[in-house]
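One structure is given below, encoded as structure tokens.
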Amino acid sequence: MSIWNHLLCRPIMSFVHQKCRNVDVPYLGSQVRRIPVPDELVKWSREWTEYKPPVHTDSKVQGQVWADPEISDKTFQPAWNSVDGKINRVSFVCPYTFDSNTLCPLNPIGRTGLAGRGLLGRWGPNHAADPIVSRISDEGHLEFVAIQRRDNSEWAIPGGMVDAGEQVSQTLQREFAEEAMHGVVDKKSLEELWSCGKELYRGYVDDPRNTDNAWMETVVVNFHDAKGLLKNVTLQAGDDATSLRWIRVDSKEPLYASHSHFIQLLKASHS
Ligand code: BGC
């Protein structure tokens with residue numbers, strides 16, 4: 001890693017991912033298991049010559065319009081670390097480097113025990129956006145809208161992937177409509193809410209789908225309903241969600257990927 005990379009990456013260098021090293025269960029939707037990566041060998045800078053993780057790219061990803069071709073495909077010449085046409089291949093963490101043998105991008109946080117793309121469409125960063133819609137309940141508690149994910153039943157913020165060519169601001173509203181309003185894009189009643197977004201986080205996500213060569217990053221924005229605008233809106237799980245409810249910020253309920261961390265940021269921003 002160059003000195004510039006090192007300086008740019010410094011703020012996150014001490015962070016070590018956990019959820020994308022879990023060896024207790026097979027990789028989502030497969031029989032493939034990660035190899036164990038001890039904490040002290042997560043960083044690529046720590047030499048580990050015998051490291052040979054299994055390579056897995058789910059068949060659901062192959063040939064999809066939202067996914068990249070194989071790295072070995074000669075027609076695939078992406079502009080890495082750049083906005084590549086309609087696809088943002090820039091990492092919020094730092095300019096990523098590449099495996100010298102496979103030429104695949106390397107996860108900026110380090111080893112995950114699995115190579116390939118798993119269930120992720122893009123080599124390198126896969127960008128998402130997470131709207132945290134919050135309110136103060138009648139009992140005076142700060143709470144947020146959560147959905148139960150269909151893929152693994154975990155409770156989560158109703159976020160989703162940024163589509164090619166889409167602005168993050170559009171993704172935030174579209175995903176909330178798809179996941180929490182059963183696809184009803186209610187622009188009128190929520191216009192005021194969407195206009196007061198406050199960014200809480202942008203960066204890497206410790207997502208269980210991450211691999212050595214493909215990982216999730218997100219922008220988290222809080223839309224706080226101080227005026228009760230949501231009282232006129234029907235919230236209902238839709239699309240990739242099976243249930244929806246308001247969760248109290250101090251309930252300490254386990255949440256998907258890094259979402260508990262985002263909720264801590266929400267709490268801090270309201271205290
Ligand atoms: C989810 C987001 C999440 C991101 C990273 C996306 O699939 O919809 O809520 O933050 O993955 O875990």
Flag if N213 is at pLDDT 95 or above, near the ligand (Cβ under 10 Å from one of its atoms), farther than 13 Å from H259 by Cα and out of contact with any helix residue (DSSP H, G or I) (no Cβ under 9 Å at 6 or more places or on another chain) | no
Matching residues in the stretch 241-257 - criterion: being more than 15 Å from the ligand (Cβ to nearest atom), of a type in the set (S, T, N, Q) and touching a residue at least 60 places away in the same chain (Cβ under 8 Å) | S243
Residues that are among the hydroxyl-bearing types (S, T, Y) and touching a strand residue (DSSP E or B) at 6+ places or on another chain (Cβ under 7 Å), drawn from the stretch 27-48 | Y27, S30
Is it true that P125 is near the ligand (Cβ under 9 Å from one of its atoms), buried (at least 22 other Cβ atoms within 10 Å of the Cβ) and within 16 Å of the chain's Cα centre (by Cα)?
-> no
What number of residues in the stretch 177-210 are touching a Ser or Thr at 6+ places or on another chain (Cβ under 8 Å), at pLDDT below 90 and among the small types (G, A, S)?
-> 0
Given the structure, is L229 away from the ligand (no atom under 14 Å from the Cβ), surrounded by 19 or more Cβ atoms within 10 Å (Cβ to Cβ) and either touching a residue at least 40 places away in the same chain (Cβ under 8 Å) or within 25 Å of V32 (Cβ to Cβ) (or both)?
-> no
Starting from residues that are out of contact with any strand residue (DSSP E or B) (no Cβ under 9 Å at 6 or more places or on another chain) and at pLDDT 95 or above, keep the ones in the stretch 140-165 and report whichever is nearest to the ligand (Cβ to nearest atom).
-> D163
Tell me, which residue of the stretch 216-249 that is modelled with pLDDT of 95 or more and of a type in the set (D, E) is nearest to N88 (Cα to Cα)?
-> E217
Residue satisfying all of: in the stretch 54-74; farther than 13 Å from L103 by Cβ and among the β-branched types (V, I, T); surrounded by the fewest Cβ atoms within 10 Å (Cβ to Cβ) among these | V65
Take the residues of the stretch 177-191 that are more than 11 Å from the ligand (Cβ to nearest atom) and crowded, with 20+ Cβ neighbours inside 10 Å: which is farthest from the chain's Cα centre (by Cα)?
-> L190
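The values are calculated or read from the model by the stated rules, or taken from the named source; none is laboratory data. Note that the structure is predicted; figures quoted are calculated from it, not measured. Cβ atoms come from the backbone with ideal geometry, glycine included; neighbour counts cover every protein chain shown.
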